[in-house]
Amino acid sequence: MADTRLFPLEDARTRHPDVEHWLAERPGELGALARRWFDELRRAGPDVTEVMHDGHATACVGDLAFAYVNVFSAHLNVGFFLGTSLRDPAGLLVGTGRFMRHVKIRPGDDTDTNALRALIAAAYRDMRARRSDPA
């Protein structure tokens, strides 16, 4: 039986030009933060691909979405498609969705970068395992 929590995105590819364009258009400190954290998503593993989905720069394992970055007027979110399944000892994740959670980052905040990197790594590993699981 297929895992209905998985979210395949057909157009995902390495260095998608739409993502590059979106990142380039984000100005100022929020734009710099978006580029920084999306680059972290890109470095999560050798099979990370990307696509724009619903206005978010989205990172995938192959074609399965695992995380995204989105910029708002005063903050950005680094979101996780299966965030409810991630261990979060630092308590960074927020949200009330059935599966998704995100980390809210504001310029000047003292974000625990090591904890956020650990969440990214865990989300990548989790999706990679789900992608290769034949069940």
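All of the numbers you see were taken from the coordinates with simple rules; none came from a lab. It should be emphasised that the depicted structure is a prediction, and the values quoted were computed from it without experimental measurement. Cβ coordinates were reconstructed from backbone atoms using ideal geometry, including for glycine residues, and neighbour counts include every protein chain displayed.
Rg to Rh ratio, the range 17-132, alpha-carbon atoms and Kirkwood radius? Using Cα coordinates only, the ratio equals 0.93. A dipole drawn for the chain from +1 and -1 charges on Cβ atoms has a positive end, and of 71, 17, 108 the residue lying farthest that way is 108.
Each stretch of four or more DSSP H residues adds -39500 (n - 2.57); spread over every residue of the chain, this sum gives -10500 deg cm²/dmol at 222 nm.
Taking label positions 7 Å along the Cα-Cβ direction at both residue 110 and residue 32, the computed distance is 2.0 nm, reported to one decimal. For the range 10-20, putting each phi into the Karplus relation 6.51 cos²θ - 1.76 cosθ + 1.60 with θ = phi - 60° gives couplings of 4, 8, 5, 7, 5, 6, 5, x, 5, 5, 4 Hz, in residue order, rounded to whole numbers and with x for Gly and Pro. Between the range 9-35 and the range 53-113, what is the separation of their alpha carbon centroids in Å? Rounded to whole Å, the Cα centres lie 15 Å apart. Given labels modelled 7 Å from the Cα in the Cβ direction, how far is it in nm from residue 121 to residue 18? A separation of 3.2 nm, rounded to one decimal place.
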